[in-house]
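Step one of this worksheet: look at the structure below.
Nothing in this text is a laboratory measurement; each read-out follows from the coordinates by a stated rule. Keep in mind that what you see is a predicted model, and the values were worked out from it rather than measured. Ideal geometry is used to build each Cβ from the backbone, glycine not excepted, and the neighbour counts take in all protein chains shown.
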Amino acid sequence: MPVPVILDCDPGHDDAFNILLAAAHPAVDLLAVTTVAGNQTVEKTTLNARRVCAVAGIRGVPIAAGRDRPLHGPPLVAENIHGGSGLDGPGFGDGEPDVPQDPRDARTLIRDTLLAHPAPVTLVPTGPLTNIATFLLAHPELTPRIERIVLMGGSTGRGNTTPAAEFNVLCDPEAADIVFSSGLPITMFGLNATHQARATADVVSRIAALGTPLSRLCVELLTYFAGTYREVFGFDSPPLHDPLTVAHLIDPSLISLVRAAVSVELTGTYTRGATVVDLLGVTGRPANAEVGMEVDVAGFWDLIVEAVRVLGEPTRD
Ligand code: RIB
Ligand code: CA
């Protein structure tokens, strides 16, 4: 049985590939996409989610916009990584994508989707956790309809936005704390894992060799992403963070996991937004998450390339 999934995202180059992977693979039933302010404003991340679905021929998946700012404080954006549009690189044009925005807000779409589905649904947040936290606070009665939360965020080590904090968690530490304290089954893929999934020149060549309009767009996305990651972080090739989430759902053997207590730092002068992962069990705090550690990188990229191939096939229209 395919895993029923709601993606909550901030496209974002890597979020975009996670949408493709979730839509393409038969092991996943993509029920809905919700968007949140993160890599760019929620207006832009929503437009980008629609653009990705339009160019990939993903139809019938409702896309609803969520929160435009964190629970506390001003929103961040990652324009230096994802560009002014949030999905710089390809020329999407100025026109409206032919995939509509759902009139509901993210919280309502999540609620309706959980109520309508006959079995519990997996939530897959790959942006700031504002929508998820807001939903959990508003609908505690619906947590039995949530199978688990599989998220990209945090790190067992250092951050990427401050020395201590990863972007998604730093954007809304209070939201992250609510999610990690929820008692729901959580699987966390942090930078320690996602930085293993680098889109090398070989990966880009494999995607380019597919020779479809979608593969060309994916190459443009990865080429832009590679440029900003080289410029900002000095990386030879960019890590495709978010698709580790859906890749895990497709094949749980791809990424090793350890159970650990994950705490979110809310007040540290220099460490706010850090995920403090007790890998050695020294704090005595109970484990509240599975934490991704070692990635089968070849297996991961096989899934990504196959998703681009499947969605790019002309016969799909
Ligand atoms: O720190 C990386 C994460 O922040 C990824 O999800 C990226 O898309 C941004 O949201
Ligand atoms: Ca993201």
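Table: residues versus (1) surrounded by fewer than 24 Cβ atoms within 10 Å (Cβ to Cβ); (2) within 16 Å of ligand 1 (Cβ to nearest atom); (3) not charged (D, E, K, R).
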{"residue": "20", "(1), (2), (3)": "no, yes, yes"}
{"residue": "25", "(1), (2), (3)": "yes, no, yes"}
{"residue": "38", "(1), (2), (3)": "no, yes, yes"}
{"residue": "41", "(1), (2), (3)": "yes, yes, yes"}
{"residue": "45", "(1), (2), (3)": "no, yes, yes"}
Residue count, region 1-18, condition out of contact with any strand residue (DSSP E or B) (no Cβ under 6 Å at 6 or more places or on another chain), closer than 29 Å to residue 228 by Cα and more than 12 Å from ligand 1 (Cβ to nearest atom), comes to 0
Residue 81 vs. criteria in a helix (DSSP H, G or I), touching a residue at least 60 places away in the same chain (Cβ under 8 Å), within 16 Å of ligand 2 (Cβ to nearest atom) and not small (Gly, Ala, Ser)
yes
Over region 122-156, the set of residues more than 13 Å from ligand 1 (Cβ to nearest atom), among the small types (Gly, Ala, Ser) and either assigned to a loop (DSSP other than H, G, I, E, B) or within 18 Å of the chain's Cα centre (by Cα) (or both) is 133
Counting only residues that are aliphatic (A, V, I, L, M) and within 16 Å of ligand 2 (Cβ to nearest atom), region 154-203 contains a total of 11
- Message: Based on this model, can you work out whether residue 35 counts as within 12 Å of ligand 2 (Cβ to nearest atom) and either closer than 23 Å to residue 120 by Cβ or touching a Leu at 6+ places or on another chain (Cβ under 6 Å) (or both)?
- Response: yes
Reported set for region 161-194 where residues are surrounded by 21 or more Cβ atoms within 10 Å (Cβ to Cβ) and outside any helix (DSSP H, G or I) is 165, 166, 172, 187, 188, 189, 190
Expected single match for among the hydroxyl-bearing types (Ser, Thr, Tyr), crowded, with 17+ Cβ neighbours inside 10 Å, under 16 Å from residue 39 (Cβ atoms) and touching an Asp or Glu at 6+ places or on another chain (Cβ under 6 Å) among 130, 122 is 130
Does residue 144 meet the test of being more than 13 Å from ligand 2 (Cβ to nearest atom) and free of Cβ contacts under 8 Å to residues at least 24 places away in the same chain? no
Across region 1-48, the tally of residues that are within 16 Å of the chain's Cα centre (by Cα), aliphatic (A, V, I, L, M) and part of a loop (DSSP other than H, G, I, E, B) stands at 2
Within region 19-68, restricting to residues that are among the β-branched types (Val, Ile, Thr) and in contact with a Gly (Cβ under 9 Å, 6 or more places away or on another chain), the one that is nearest to residue 88 (Cα to Cα) is 45
Among 267, 223, 271, 228, the single one that is free of Cβ contacts under 8 Å to residues at least 60 places away in the same chain, of a type in the set (Ser, Thr, Tyr) and over 15 Å from residue 306 (Cα atoms) is 267
Residue count, region 1-23, condition within 13 Å of ligand 2 (Cβ to nearest atom) and small (Gly, Ala, Ser), comes to 2
### Query
If we scan region 243-262, do we find a residue that is without any contact (Cβ under 8 Å) to a residue 40 or more places away in the chain, acidic (Asp, Glu) and either away from ligand 2 (no atom under 16 Å from the Cβ) or closer than 20 Å to residue 179 by Cα (or both)?
no
Determine whether region 184-207 contains at least one residue that is over 23 Å from residue 297 (Cα atoms), in contact with a helix residue (DSSP H, G or I) (Cβ under 9 Å, 6 or more places away or on another chain) and touching a residue at least 24 places away in the same chain (Cβ under 8 Å). yes
